[in-house]
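Participant: Structure below; questions to follow.
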Amino acid sequence: MLGFMIGVFLFAGTLAGLILGVRGLAKNKGYVRNAKAGKIGVAVALTCAVLLALVPMSIHTVDTGEVAVVKYLGDARNVRTAGTHFDFWLTREYQMYDAKVQNVDISTNTYSSDAQTMDVQMTIQYQIMSDKVIEIARQYGSLELLENRIRSISIEKAKAVLSSHKAMDIIANRAAMSPAVEKAIKSAIDENYFVDVTTVVITNIDFSTAFENAVEDKMIAEQKQLQAEYENQTKVAKAQADADAKLIAAQAEAEANRLLEESLTPQILRQRYLEKWDGVLPRTVAGDDVMLLLGETE
């Protein structure tokens, strides 16, 4: 914006100088000839034109979140951070680098250790080291080339990690795959790449349709087997519970009978007999105990 405003001002000065010069030096054009004013106008016009060609394009603005590498005749020499800077455009070139966190979405395919194919999607977040931007410019030339290198290394390390596991282990432990891949990528993309890898996340892993169908069928079969085992265990438990209940009932009845037998003394038997006797003697009496009982009641 500052360069644009200065450019407008210099353009206006150039135009005014040209008008003044034409009026001062013109002949037979209806103007009053004034050679001195005309020369001044031409000088102003020339000066403003030269400045117009040099100054506005030499004013550079670096936005917040960006870092600029200043190249002097192609050689990266200086770094400019956020703000407005003046560098002569004919000899100095600005190359902008985004210093904010960058997202890289990667899609690739690989094999598990048991030769099952899978499509992998993952996201990598990284941020360049602002104090190393000159090294990035000299070694890679641009952020795009650096990002391509990061992408290649990430794919290579992700394949190495995933291919060391069986497909069923990957399915059963999907949540553990991201940390393992992240560790491998961060270890490979170190400070020699002048970036900080902040996050690596595996967003999706898809196996072949045939394999996923086979896994689904296996899971259904396992669920049915578990259901059958559960039902069988339930039946066994119920039968055991019924048997235990009957045993407990039998034990309780036997214990009650034992206690009753122990509590039935001759006196109690005689008392119960008398409570139930209607006063009529039986016609036939047998046994010594009965005779004894009748004798005692008399």
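The values are calculated or read from the model by the stated rules, or taken from the named source; none is laboratory data. Model, not experiment: these values are computed from the prediction. Cβ placement follows ideal geometry from the backbone for every residue including glycine, while neighbour counts extend to all protein chains displayed.
Participant: Tell me whether the range 122-133 contains one or more residues that are touching a His at 6+ places or on another chain (Cβ under 9 Å), assigned to a strand (DSSP E or B) and of a type in the set (S, T, N, Q). Explain how you work it out, then say what you get.
Facilitator: First, pick out the residues of the range 122-133 that are touching a His at 6+ places or on another chain (Cβ under 9 Å): none.
Checking the range 122-133: not a single residue is touching a His at 6+ places or on another chain (Cβ under 9 Å), assigned to a strand (DSSP E or B) and of a type in the set (S, T, N, Q).
Participant: Another question, then. Out of (1) free of Cβ contacts under 8 Å to residues at least 24 places away in the same chain; (2) within 24 Å of His60 (Cβ to Cβ); (3) not small (Gly, Ala, Ser), what's the single condition that is false for Phe86?
Facilitator: The number of the failed condition is (1).
Participant: Still on this structure, please answer the following. Looking at the range 76-116, which of its residues are among the acidic types (Asp, Glu) and touching a helix residue (DSSP H, G or I) at 6+ places or on another chain (Cβ under 9 Å)? Spell out how you get there, then give the answer.
Facilitator: Step one: filter the range 76-116 for residues among the acidic types (Asp, Glu), giving 87, 93, 98, 105, 114.
The answer is Asp87, Asp98, Asp114.
Participant: Only one of Ala137, Ala188 is in contact with a strand residue (DSSP E or B) (Cβ under 6 Å, 6 or more places away or on another chain), under 29 Å from Ala76 (Cβ atoms) and not assigned by TED's automatic domain parsing to the domain that holds Glu66; which?
Facilitator: Ala137
Participant: Then there is this: Take the residues in the range 180-205 that are surrounded by fewer than 13 Cβ atoms within 10 Å (Cβ to Cβ) and assigned to a helix (DSSP H, G or I); name whichever of them is farthest from the chain's Cα centre (by Cα).
Facilitator: Among those that are surrounded by fewer than 13 Cβ atoms within 10 Å (Cβ to Cβ) and assigned to a helix (DSSP H, G or I), it is Asn192.
Participant: Being outside the structural domain of Met96 (by TED's automatic domain parsing) and surrounded by 16 or more Cβ atoms within 10 Å (Cβ to Cβ) is the requirement here; does Met129 meet it?
Facilitator: Answer is no for this residue.
Participant: Okay, moving on. Quick check on this structure: which one of Lys100, Lys39 is part of a helix (DSSP H, G or I), among the basic types (Lys, Arg) and either modelled with pLDDT under 75 or within 30 Å of Val197 (Cα to Cα) (or both)?
Facilitator: Answer to the selection: Lys39.
Participant: Can you name the residue in the range 55-79 that is among the β-branched types (Val, Ile, Thr) and surrounded by 14 or more Cβ atoms within 10 Å (Cβ to Cβ) and, of all such residues, is farthest from Lys100 (Cα to Cα)?
Facilitator: From the range 55-79, those among the β-branched types (Val, Ile, Thr) are 55, 59, 61-62, 64, 67, 69-70, 79; that's our starting set.
In the following step, the residues that additionally are surrounded by 14 or more Cβ atoms within 10 Å (Cβ to Cβ) were identified as 55, 59, 61-62, 67, 69-70, 79.
Numbers: Val55: 30, Ile59: 23, Thr61: 17, Val62: 13, Val67: 10, Val69: 16, Val70: 19, Val79: 16 Å.
Selected residue: Val55.
Participant: Which count do you get for residues in the range 137-174 that are more than 24 Å from Phe211 (Cα to Cα) and among the hydroxyl-bearing types (Ser, Thr, Tyr)?
Facilitator: 4
Participant: Scan the range 93-106 and tell me whether some residue there is more than 30 Å from Glu156 (Cβ to Cβ) and either surrounded by 12 or more Cβ atoms within 10 Å (Cβ to Cβ) or assigned by TED's automatic domain parsing to the domain that holds Val161 (or both).
Facilitator: So far as the range 93-106 goes, yes, one or more of its residues are more than 30 Å from Glu156 (Cβ to Cβ) and either surrounded by 12 or more Cβ atoms within 10 Å (Cβ to Cβ) or assigned by TED's automatic domain parsing to the domain that holds Val161 (or both).
Participant: A follow-up question, please. What about Thr47, is it modelled with pLDDT under 90, assigned to a helix (DSSP H, G or I) and among the polar types (S, T, N, Q)?
Facilitator: Values: modelled with pLDDT under 90: yes; assigned to a helix (DSSP H, G or I): yes; among the polar types (S, T, N, Q): yes.
Spelling it out, Thr47 is indeed modelled with pLDDT under 90, assigned to a helix (DSSP H, G or I) and among the polar types (S, T, N, Q).
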